[in-house]
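First the structure, in the form of C-alpha cells, and then the observations on it.
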Amino acid sequence: MVFFRVVCAVAFSSMAGYAFAKLQFRGKKLLFGIVLIQMSLPSQIFIIPQYQMVAKMGMANTVFALVFPGLVSAFGVFFLRQTYMSIPEEVGEAAYLDGCNQWQTFYKIMFPLTGTSVAALTIFTAVFAYGDLMWPLVVNSDLKMMTLSSGLSTLRGQFTTNFPVLMAGSLLAMLPMVVLYLIFQRQFVEGIAGTGGK
C-alpha cells in the first residue's frame with residue numbers, strides 16, 4: 001500500500017507541480033487556490049465523500065481502497081511547485097530550442113532536477129501512509145486487508161491490554177520508517193533546505 005501511494009503521489013504531484021509552476025493556462029490561479037484550500041482543511045472531513053466514492057465503485061476491502069486518498073497529494077503539488085519555480089526559466093527555453101515539447105521538457109529535463117525534493121516527498125508520503133490509522137479502519141473490514149497501524153490498534157483490549165506485546169509491536173512497526181529515513185537522510189535534508197530559495 002505504501003509503495004503504490006508513494007508512486008502515485010510523486011507521479012501526479014510532480015506533473016501538477018510542473019504545470020502550476022511553468023505552464024500558462026486559463027484558471028491556473030483559481031485551481032492552485034483550490035489546492036491551497038484543500039491543504040488547509042483537516043483530512044477527516046473528506047472521509048465520508050471518499051468512502052462513498054470507493055463504495056460506489058465496489059472497491060471496498062481492496063488495495064485500491066487503501067491507496068485511493070493518497071493518489072494525489074495537495075501538499076506534494078505545492079511542495080514540487082515551489083521546487084519547479086526555483087528552476088530558472090532559461091532551462092525550459094533551452095530545452096524548447098533543442099526541439100523538446102512540453103512533455104519531453106518535463107520528464108527529460110525538469111523532473112531529474114528535482115531529485116532531492118522528490119526524495120523528501122517520498123519520505124513524507126511514506127510516513128503519512130504508513131501511519132494512517134483512520135482510513136484503513138473505515139474502508140476495510142477484512143482482517144486480511146488490515147494495515148500495520150490498524151493491526152496494532154487491535155492489540156488493545158476492551159478491559160485489559162497486554163502492554164509488553166503492544167510496545168513490542170510498536171517498536172517493530174517503527175523500524176521500517178527509521179531505516180527509510182536513515183537511507184534517504186541526505187536527500188531529505190537537501191530537499192527541505194532547497195525548496196525555499198530561488
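Within the shell of other residues whose beta carbon sits under 15 angstrom from the beta carbon of G33, the net charge comes to +4, with Lys and Arg scored +1 and Asp and Glu -1.
Restricting everything to alpha-carbon atoms, can you work out Rg to Rh for the chain with a Kirkwood hydrodynamic radius?
Using Cα coordinates only, the ratio equals 1.04.
Of the trypsin sites (Lys or Arg not before Pro) found in region 69-161, those that fall in a DSSP loop while having at most 13 other beta-carbon atoms within 10 Å are R156.
Using r as the Cβ-Cβ distance of M177 and F46, and R0 as 25 Å, what FRET efficiency do you calculate, to the nearest 0.05?
E between M177 and F46, to the nearest 0.05, is 0.55.
The modelled label-to-label distance between E93 and L36, using points 7 Å beyond Cα along the C-beta direction, is 2.7 nm.
GNM on the chain, alpha-carbon springs under 10 angstrom: the most fluctuating residue among L66, L36, L172 is L172. Of E93, E190, the order by accessible heavy-atom surface (1.4 Å probe, DNA, RNA and ligands excluded), from most exposed downward, is E93, E190. With a cut-off of 12 Å between beta carbons, the residues surrounding F20 carry a summed charge of +4, where Lys and Arg count +1 and Asp and Glu -1. On full extension, the segment bounded by M53 and F163 gains 35.8 nm, given 0.36 nm per residue less the C-alpha separation.
Taking other residues whose beta carbon is less than 14 angstrom from the beta carbon of L66, and scoring Lys, Arg as +1 and Asp, Glu as -1, yields 0.
A simple rule links phi to the HN-Hα coupling: the Karplus curve 6.51 cos²θ - 1.76 cosθ + 1.60 with θ = phi - 60°, which for region 176-183 gives x, 6, 5, 5, 4, 5, 5, 5 Hz, with x for Gly and Pro.
The values are calculated or read from the model by the stated rules, or taken from the named source; none is laboratory data. Everything numeric in this text was worked out from a predicted model, so none of it was measured. In this analysis, Cβ positions are derived from the backbone assuming ideal geometry, glycine residues included, and neighbour counts consider all displayed protein chains. What goes into the accessible areas is simple: the full protein's heavy atoms, side chains included, and nothing from ligands, DNA or RNA. Shrake-Rupley method; radii C 1.70, N 1.55, O 1.52, S 1.80 Å.
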